[in-house]
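Working notes for the structure below.
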Amino acid sequence: MKQDRTKGLDGLFRPRSVAVIGASRRAGSIGRQVVANLIRGGFTGPVYPVNPKAEVVLSVPAYRSVAAIPSPVDLAVLVVPPDAVLKVAQECGKKGVKGLVVITAGFREIGGEGIVREEKLAAISKRHGMRVIGPNCMGIVNAEAGVALDASFSATLPQPGAVAMVSQSGALGEAILADAAQAGLGVAMFASVGNRVDVTAADLLAYWENDPQVRVILLYLETVGEPLEFVEVARRVSRKKPIIAVKSGRSDAGALAASSHTGSVAGADVAADTMLAQCGVLRVDNFRDMFALAQALLDQPLPKGPRMAVVTNAGGPGILATDALAGLGMEVVPLLPATERVLRKVLPVEASVRNPVDLIASADAARYRAALGPVVADETVQGIVVLFVSPVMIDAAAVALAIVDQTRGCGRPVLACVMGRQRGDEAQRILRDAGIPVFRYPEDAATTLRQMLRRTRWLERRPQRVPNLRVDRDVARKILRKKGRVSGWLSSAETEVVLAAYGIAFPASRRVHTPGEAVAAAHELGWPVVLKAEAASLLHKSEHRAVRVGLKHGDEVFAAAADLIERLKPAFTDLRLQVQAQAQGHREVLIGMTRDVRYGPLFAAGLGGVQVEVMRDVSIRVGPLDGKDPHEMFERLKGAPLLAAFRGAPAADVAAACDALLRIQQLVVDFPEIAEVEVNPFILAEKGKRSVAVDGRMRVEQA
Ligand code: ADP
Ligand code: MG
C-alpha cells in the first residue's frame, strides 16, 4: 500500500507553471486544444508550449524542449506520440517537473510493447519523484480561484463549484463535464485518470478528503484497480463527504463462477456492488441520477428517517410517487391527526388530507402555501416531495415561490417534481435557484431520496470490532499444510477438524465402513442419529439420497447403511459412512466464503439447507467484516422473518451463526490458500441451546 498517497499531488493540481509538450498549431489537434484550454480557463501561472518546429503556439512563444524553458516547470502535459513519451518524461524528470499528465495513448491498453512502455514510465516517474496522471487520459481541471487550471482537451469549460470528479474513461470524461455543466453542477476539480500508472481514484479521494472546496465526490469507474486500498480510503472519506459512483462493467470475478453453492448463488456484479456499499459509496445507475443526487446532497439536508410526505395537485402522480417511495423502502404514512385537522380546514372538501396530500387541480399558490404550512410543521415528516402538474390557469411561478417560502430552512429534504409544460420552465428555475432539486418524474425524486436515506444510515452506522476469537491455529495448520497437500477439496472429516479448531462446533460423529459398525457407532452416540454416505466426488449428498435423518434404533441404522452401500458403492469406490448425532436445532442457515480474484474474500450468509439453491436468498459482503456485518447480512435476507419467532417456534440463535462466520473470516485470513469454504447447513437452535454445523466443505488452492 502507498504510504502517502496525496504526496506531490499539489504539483499536479496546483502548479505554478505548466508546459504543454507536443503543443501544436494544427487546428483540431489535442496539442492545440490543451494550450487553448489553459488560456481559456485563465490559468494563473505561465504556460509554456513545447514544440521543436514552432516558434509560437496560439500567440504564446514556444520552446524546442522542456530543457530549453528558462524558468521552473511544475506540471508537464504530454501530448507527444507514444514512442516519444519515455524520452520526454526523462527530460521532465531532469528539469525538476513535479507532475505529469500523460494524455498520449498506446500503453497498457494496447498490450505487448504498450505494457512495457507503461512499466518504464512508472519507473522513470518514481526515480524522479514525479506524480503521474494517465497515460491515456483526458487531463485534469482545478477551478480553484487562485489556480484556474484546465489542463485537459475537454470542449466544455466547467463552471466552478463544489463537486470533484474522477473518470476512468477519457471519452466519457468529456461527456460528464458537458452533462454536469448542463445540469448546472459546478466543478471544483476533475481528473481523467486513464490507465492509472500512478495516481488512482483512491489517491484522489484522499486528496479531496480535507479540501474545503470539495463537498461531493463523483466517480466514474470501470474497474476498481486495487480494491483493498480503495475500500480503506473510501470508507474513511465517505464519513466526511458523500461519494457517488457510476460503476460500469461486470466484475471479472472468476471465483464467482466457482462450483460451490456460495459461488453459484452470488451474481457476477455482486462483488463490486457490495464493495461499494460497504465503504459508503452511493452507487447509482446512470449519470442523470448521479448529478441529481449530487445536487440534492449539496443543497438539501439528509432525511433523518424514511417517513415522507407527498403533496400534489394531481392524484395520479401522487400515487406514482407514493408507490415509488414505498417500493424503495420509504414510508408514506398518515400525518399526525392534528395536521390532518388543519389541512381539512384550509383545503376544499374534494381535496385529500391524507398523505399523499392531494390539493386537486384547482390548487394555486395560496393553496400550496396553506397546505405546506401544516405539513412542514408536522414533526413526524422526515422528507417532503412536492408535485406540481402545471395547469394552464395556474400561475406556476407563484406556486414555485410558495413552495420555496414554505419549506425554507425546514431542516428536512424537499424535492420537487414539475410536470407539464405550461410555464413549468420558470417554476423549475425558481425552485432550482432556491436549492430545491427538480425532477421530471416522481420516480426519480424517490430514487434520489432513497440514496439520501442510505447516506443517513451510513453515517449512523458505527463499525463494531470483531471480538477476540480463540482458535487453535496449529491443529488447522497440520491439516491444511500437511505434506503433499495439493489443490482441491479437503475430505469432510478434515474440513470438520479444521472448522472445529476454529471454534465451529459439529455434532459428535463416527466414520465407519459396514452396517454393523454403523449400528455400534449409533449406540455410542445416542439417539436419534443421521447417516450419511461420503466420498471424495460426492459433493451434494442429498442429490444421491445419501443422507438419512431421524434414525431411531439399530435396525433402521443397519438397513439404511446396507442400502447406501448397495446403491452407491459401485459408483463411489472410496465410499464410507458417517454416523452423526442429530442436531436439535430448528432452522438451517449457510455461511461461507469464496475468494474473488479482485476483491479478496467474499463472505456469504443465507438461508440454508438443501433448498438454498432454489431460494437464492444469500447476502454477500467483501472482507474485512466487522463485528456488525454478519448480523446485518442475516437481517437483510428476504427470509429473515423465518429466523425470528413465528407460529409458536422460538427465534433462532442467529448470533451463533454470526460468530461462526467471523471464525471463518479468521480462518481464511490465517490460511490464504483456502479458496472456498462453506458450512451448509449450520443448524440454529433457540438461544441458550447448542447450534452446530452438520455439513462443511473446503477447497484449497496452492500457489
Ligand atoms: P448435502 O448438503 O451434501 O446434501 P447435508 O449433510 O447438508 O448433505 O445434509 C442434508 C440435510 O440433512 C441438511 O440440510 C439437514 O436438513 C439434514 N441433516 C444433515 N445432518 C444432520 C444432522 N446431524 N442433524 C440434523 N439434520 C441433519
Ligand atoms: Mg449440506
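The values are calculated or read from the model by the stated rules, or taken from the named source; none is laboratory data. None of the values given here were measured: they were computed from a predicted structure. When we count neighbours, we look across all protein chains shown, and the Cβ atoms used for this are built from the backbone with ideal geometry, even at glycine. The accessibility values were calculated without ligands, DNA or RNA, using every heavy atom of the protein model including side chains. Shrake-Rupley method; radii C 1.70, N 1.55, O 1.52, S 1.80 Å.
Helix 315-327: angle to the longest alpha-carbon principal axis of the chain, degrees 0 to 90, nearest 10?
50 degrees
Mind scanning LYS7/LYS240; LYS478/LYS689; LYS478/LYS569; LYS552/LYS689; LYS638/LYS689 and naming the pairs with a C-alpha gap bigger than 27 Å?
As for pairs spanning more than 27 Å Cα to Cα, those are LYS478/LYS689; LYS478/LYS569.
By a straight-distance test (C-alpha under 18 Å), which aspartates and glutamates pair with LYS95 as possible cross-link partners, with residues fewer than eight away in the same chain excluded?
Once the sequence-local aspartates and glutamates are set aside, what remains near LYS95 is ASP10, ASP74.
On full extension of the chain, what length is gained from ASN286 through THR223, given 0.36 nm per residue of separation minus the C-alpha to C-alpha distance? Don't jump to the answer; show the numbers that get you there.
Numbers: separation 63, 0.36 × 63 = 22.68 nm, distance 1.59 nm.
Here the segment from ASN286 to THR223 would lengthen by 21.1 nm.
So, in nm, how far is label ARG429 from label LYS240 when the simple model puts each one 7 Å beyond its Cα toward the Cβ?
So the label points at ARG429 and LYS240 sit 3.8 nm apart.
Rounded if a/c is under 1.5, else prolate if a/b beats b/c, else oblate: with a ≥ b ≥ c from the C-alpha gyration tensor eigenvalues square-rooted, which is the range 30-74?
The shape class here is oblate.
Between the DSSP loop rule and a limit of at most 11 other Cβ atoms within 10 Å, which trypsin sites (Lys or Arg not before Pro) in the range 616-687 are left?
The qualifying sites are ARG647.
Considering only protein heavy atoms and a 1.4 Å probe, what is the carbon-and-sulfur percentage of the accessible area of the range 2-66?
50 percent
Compute the normalised compactness of the chain: alpha-carbon radius of gyration over 2.2 N^0.38 Å, N being the residue count.
On the way: Rg = 31.6 Å, N = 703, 2.2 N^0.38 = 26.6 Å.
Normalised Cα radius of gyration, the chain: 1.19.
Hey, what do the phi angles of the range 223-240 turn into as Karplus ³J(HN,Hα) couplings, whole Hz, using 6.51/-1.76/1.60 and θ = phi - 60°, x for Gly and Pro?
9, 9, x, 10, x, 5, 5, 4, 4, 4, 6, 4, 4, 6, 5, 5, 6, 9
Which distance in nm do the two modelled labels at ALA500 and GLU460 give, with both placed 7 Å along the Cα-to-Cβ direction?
Placing both labels 7 Å beyond Cα along the Cβ direction yields 4.4 nm.
Whole angstrom only: what separates the Cα centroid of the range 634-652 from the Cα centroid of the range 123-169?
52 Å
Counting just the Cα atoms, what span does the range 296-348 cover along each of its three principal axes? Round to the nearest Å and put the largest first.
35, 24, 20 Å, listed from the longest principal axis down.
How large is the dipole of the range 1-128 about the Cα centre if only Lys and Arg carry +1 and Asp and Glu carry -1, each at its Cβ, rounded to the nearest 20 debye?
Using only the charged Cβ atoms, the result is roughly 200 debye.
If I model a spin label at ALA493 and THR44 as a point 7 Å from the Cα along the Cα→Cβ vector, what separation in nanometres do I get?
Result: 7.5 nm between the two label points.
Nearest 20 debye, what's the magnitude of the dipole of the chain about its Cα centre given +1 on Lys and Arg Cβ and -1 on Asp and Glu Cβ?
Around 1260 debye, computed over the chain.
In the range 579-694, carbon and sulfur make up what percent of the accessible area (probe 1.4 Å)?
On the range 579-694, the fraction of accessible area on carbon and sulfur atoms equals 55 percent.
Relative contact order (percent) for the range 370-435, with alpha-carbon contacts under 8 angstrom and 6 or more residues of separation?
Computed over the range 370-435, the figure is 42 percent.
Just need the relative contact order of the range 1-126 here, percent rounded to a whole number, with Cα pairs under 8 Å and 6+ apart.
Over the range 1-126, the number comes to 24 percent.
Determine the share of the range 332-471's accessible area contributed by carbon and sulfur atoms, expressed in whole percent, with a 1.4 angstrom probe.
Answer for the range 332-471: carbon and sulfur cover 53 percent of the accessible area.
Where only protein heavy atoms count, and the probe is 1.4 Å, what is the accessible area per residue for the chain in Å²?
42 Å²
Would you pull out the residues with amide H under 5 Å of VAL80's amide H, same chain only if 5 or more places away, H placed 1.01 Å from N?
For VAL80, whose amide H was placed from the backbone, the distant partners under 5 Å are THR104.
With only Lys, Arg, Asp and Glu charged, each at its Cβ (+1 for the first two, -1 for the last two), find how big the charge dipole of the range 432-534 is about the Cα centre; round to the nearest 20 debye. Spell out each step's value before the answer.
Details: 20 positive and 11 negative charges, 124 e Å.
Here the range 432-534 has a charge dipole of around 600 debye.
Ratio to report: Rg/Rh of the range 460-608, with Cα atoms as the point set and Rh obtained by the Kirkwood method; give two decimals.
That ratio equals 1.02.
Please determine, in degrees from 0 to 90 and to the nearest 10, the orientation of helix 365-377 with respect to the longest principal axis defined by the Cα atoms of the chain, where the helix direction is its Cα long axis.
Between the helix axis and the principal axis of the chain, the angle is about 50 degrees.
Determine, for each peptide in 158-168, 222-232, the mean count of other beta carbons within 10 angstrom over its residues, then list the peptides with the highest first.
Going from most to least packed, we get 158-168, 222-232.
Got a sec? Charge dipole of the range 66-178, +1 on Cβ for Lys and Arg, -1 for Asp and Glu; which of GLN159, ILE133, VAL73 is way out at the positive end?
My answer, from the dipole projection, is VAL73.
Over the Cα atoms of the range 477-551, compute the convex hull volume and normalise it per residue, giving Å³.
122 Å³
Would you mind classifying the range 565-660 by shape? Square roots of the alpha carbon gyration tensor eigenvalues, ordered a ≥ b ≥ c; an a/c under 1.5 is rounded, otherwise it is prolate if a/b is larger than b/c and oblate if not.
oblate
Below 8 Å between Cα atoms, with a sequence gap of 6+, how large is the relative contact order for the chain in percent?
9 percent.
Would you mind classifying the range 615-655 by shape? Square roots of the alpha carbon gyration tensor eigenvalues, ordered a ≥ b ≥ c; an a/c under 1.5 is rounded, otherwise it is prolate if a/b is larger than b/c and oblate if not.
Judged from the Cα gyration tensor, the range 615-655 comes out oblate (a/c at least 1.5, b/c at or above a/b).
What percent antiparallel are the DSSP beta bridges of the chain, to the nearest 5?
50 percent
What percentages, rounded to whole numbers, describe P(r) for the range 316-426 computed over all alpha carbon pairs with 5 Å bin width beginning at zero?
Pair shares across the bins are 2, 12, 23, 25, 23, 11, 3, 0.
With a cut-off of at most 16 other beta carbons within 10 Å, and DSSP calling the residue loop, which trypsin sites (Lys or Arg not before Pro) in the range 447-527 qualify? Please list them.
ARG461, ARG465, ARG470, ARG481, LYS482, LYS483, ARG485
Search the structure for amide H atoms under 5 Å from the amide H of ALA651, placed 1.01 Å from N in the peptide plane, and list their residues when 5 or more places away or on another chain.
The answer is ALA645.
Going down the list LYS98/LYS126; LYS98/LYS120; LYS87/LYS126; LYS541/LYS687, which pairs span over 23 Å between their C-alpha atoms? Numbers along the way, then the final one.
Details: LYS98/LYS126 11 Å; LYS98/LYS120 18 Å; LYS87/LYS126 15 Å; LYS541/LYS687 29 Å.
From the list (LYS98/LYS126; LYS98/LYS120; LYS87/LYS126; LYS541/LYS687), the Cα-Cα distance tops 23 Å for LYS541/LYS687.
Would you mind checking which residues have amide H under 5 Å from LEU602's amide H? H placed 1.01 Å from N; only 5 or more apart, or other chain.
For LEU602, whose amide H was placed from the backbone, the distant partners under 5 Å are THR594, ARG595, ASP596.
As a test of the formula, what do you get for the chain when each DSSP H run with n ≥ 4 contributes -39,500 (n - 2.57) and the sum is divided by the residue count, at 222 nm and rounded to the nearest 500 deg cm²/dmol?
Helix-only estimate at 222 nm: -11000 deg cm²/dmol.
Stretched out fully, how many nm does the piece from LYS478 to ALA36 gain, at 0.36 nm a residue minus the Cα gap?
Taking LYS478 through ALA36 to full extension adds about 152.4 nm, to one decimal.
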